[in-house]
Amino acid sequence: MAKYLLLKHYRGAKEIPCAPMDQWTPEEVEAHLAFMGHVANTFRERGEFVDAQALAPEGTFVRYDGEGRAPVTDGPFAETKDLIAGWMVIDVDSVERAHEAAAFLSSAPGPGGEPINEWIEVRPFLEHTHTDVE
C-alpha cells in the first residue's frame, strides 16, 4: 500500500466553467458536500481512506527571513487562478488505483448538479527510511 495526497484544485479553467462555491445555491453546496462524504465512505469501506479536509479560500504564503526577523508573508490569494479547495489522503495498492480514486473525486456535483470535473492533483507520499546519525 502507498499513501497519496489528492489535492482538489479549483483552477477556474475555461474548459471547466464552474462558478466559485460562494456563488452556488445552498442546495448545490449541500449536494457537493454529501457527495464528498459518499466518496470518503466508499474509500473507508475499501480500507483506503486516511483523512480529508476542505480548505477556506483565504491563505497566506510565509517564509523564514533570518534569525530574529519576523516571517515574510505574502497574500492572501483568494482571487488566484489556482486555488486548493481541499485534500484527501488515501492508502492504495497502486498509482493506477490512486488515479481512479482521483477521477471519482473529480466527478463531484457543482451548479445544476453537473459534475465539476475539477482537477485533482495526485501526489505520492515520499517514502524513505530514517537512519540515526550519531
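Just so you know, in the range 22-47 the residues that are open to solvent by less than 80 Å² (accessible area, probe 1.4 Å) and of a type in the set (A, V, I, L, M) include one that is farthest from E114 (Cα to Cα), and it is A40. Between a residue in the range 34-60 that is in a loop (DSSP other than H, G, I, E, B) and any residue that is at pLDDT 95 or above, which pairs come within a Cβ distance under 8 Å, given they are 6 or more apart or on different chains? Close Cβ pairs (under 8 Å, with a partner that is at pLDDT 95 or above) amount to G47/D91; E48/I90; E48/D91; E48/V92; E48/R97; E48/A101.
The conditions of being within 24 Å of L5 (Cβ to Cβ) and in contact with a Ser or Thr (Cβ under 9 Å, 6 or more places away or on another chain) are not met by D51.
Cβ separations smaller than 9 Å between residues 6+ apart or across chains give the following pairs from the range 122-133 residues that are surrounded by 10 or more Cβ atoms within 10 Å (Cβ to Cβ) and in a loop (DSSP other than H, G, I, E, B) to residues that are at pLDDT 80 or above and among the β-branched types (V, I, T): F125/V89. Can we say T80 is part of a loop (DSSP other than H, G, I, E, B) and either among the β-branched types (V, I, T) or at pLDDT below 85 (or both)? Yes; evaluated as a whole, the condition is true for this residue.
The values are calculated or read from the model by the stated rules, or taken from the named source; none is laboratory data. Since the model is a prediction, treat every value here as computed from it, not as a measurement. Cβ: placed from backbone, ideal geometry, glycine included. Neighbour counts: every protein chain shown. Surface areas here come from the heavy atoms of the whole protein model, side chains and all, with no ligands, DNA or RNA. Shrake-Rupley method; radii C 1.70, N 1.55, O 1.52, S 1.80 Å.
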